[in-house]
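What follows is a short report on a single structure.
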Amino acid sequence: QQQVKQSPQSLIVQKGGISIINCAYENTAFDYFPWYQQFPGKGPALLIAIRPDVSEKKEGRFTISFNKSAKQFSLHIMDSQPGDSATYFCAASRSGGGADGLTFGKGTHLIIQP
Amino acid sequence: DSGVTQTPKHLITATGQRVTLRCSPRSGDLSVYWYQQSLDQGLQFLIHYYNGEERAKGNILERFSAQQFPDLHSELNLSSLELGDSALYFCASSVGSLGSTDTQYFGPGTRLTVL
């Protein structure tokens, strides 16, 4: 059972455009939603994260939008640059309890065309 | 550089063999997580250790085991290896016992190839 569904699998955006990646989760116990960026040959690196008490969080060109009732969250990359070309993973986890690891989406391969 | 180190970078072995992957967390981090990344399954959580104690298990096979030592480094042991175990294995570290909602910093990974 895939608890975090991510779309699209791949995305091509022109330089300067907006990249949008969507995720949906099933487990209502999730209360932490990070996005990770991974370059080839590297480990994932935290980009931005949100908790469900806010509907939006912005850091530079990166914004997370969160819809608790729909159990969906998305990553917007404004003014997309070729250096943003990477694989992006959404994830979710729950605090407390057994301290489970992150549940990841399948990833989105983003290509920014110059 | 996340500050998390993993060795070896690459490992090639045969079916039926046993290997050990090593991870050193960032200075001051008490939690270590292990993840497996494969093309078909994506990134999957295997196991979490906090200050030497196992805290949570994910999709970890019985052939796999892990431990965290007093100096906080961790080892993931994979035995009776099968072709399907070929994957990237990442460890991540975080500061505290809340763990999953602390920022997890990932190492560069170990690429395991089982022939």
Legend entry - Only one of B:ARG18, B:ARG22, B:ARG55 that is open to solvent by 20 Å² or more (accessible area, probe 1.4 Å), in contact with an Asp or Glu (Cβ under 7 Å, 6 or more places away or on another chain) and among the charged types (D, E, K, R): B:ARG22
Inset, instruction - Report yes if A:SER85 is buried (at least 16 other Cβ atoms within 10 Å of the Cβ), of a type in the set (Ser, Thr, Tyr) and more than 13 Å from the chain's Cα centre (by Cα), otherwise no. - result: yes
Legend entry - Residue that is nearest to the other protein chains (Cβ to nearest Cβ) [pool: residues in region B:24-61 that are hydroxyl-bearing (Ser, Thr, Tyr) and in a strand (DSSP E or B)]: B:TYR33
Inset, instruction - State whether one or more residues within region A:85-104 are among the polar types (S, T, N, Q), touching a strand residue (DSSP E or B) at 6+ places or on another chain (Cβ under 9 Å), closer than 18 Å to A:PRO8 by Cα and away from every other protein chain (no Cβ under 14 Å). - result: yes
Inset, instruction - Scan region B:30-42 and give yes if some residue there is over 23 Å from A:PRO40 (Cβ atoms), open to solvent by 10 Å² or more (accessible area, probe 1.4 Å) and in contact (Cβ under 8 Å) with a residue 60 or more places away in the chain, otherwise no. - result: yes
Inset, instruction - Could you tell me whether any residue of region B:96-111 is surrounded by 21 or more Cβ atoms within 10 Å (Cβ to Cβ), in contact with a His (Cβ under 9 Å, 6 or more places away or on another chain) and modelled with pLDDT of 95 or more? - result: yes
Legend entry - Single residue of B:LEU88, B:LEU21 found to be at pLDDT 95 or above and within 11 Å of another protein chain (Cβ to nearest Cβ): B:LEU88
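The values are calculated or read from the model by the stated rules, or taken from the named source; none is laboratory data. Fair warning: this is a prediction, and the values are worked out from it, not measured in the lab. With ideal geometry, Cβ positions are generated from the backbone for all residues, glycine too; neighbour counts draw on all protein chains shown. The accessibility values were calculated without ligands, DNA or RNA, using every heavy atom of the protein model including side chains. Shrake-Rupley method; radii C 1.70, N 1.55, O 1.52, S 1.80 Å.
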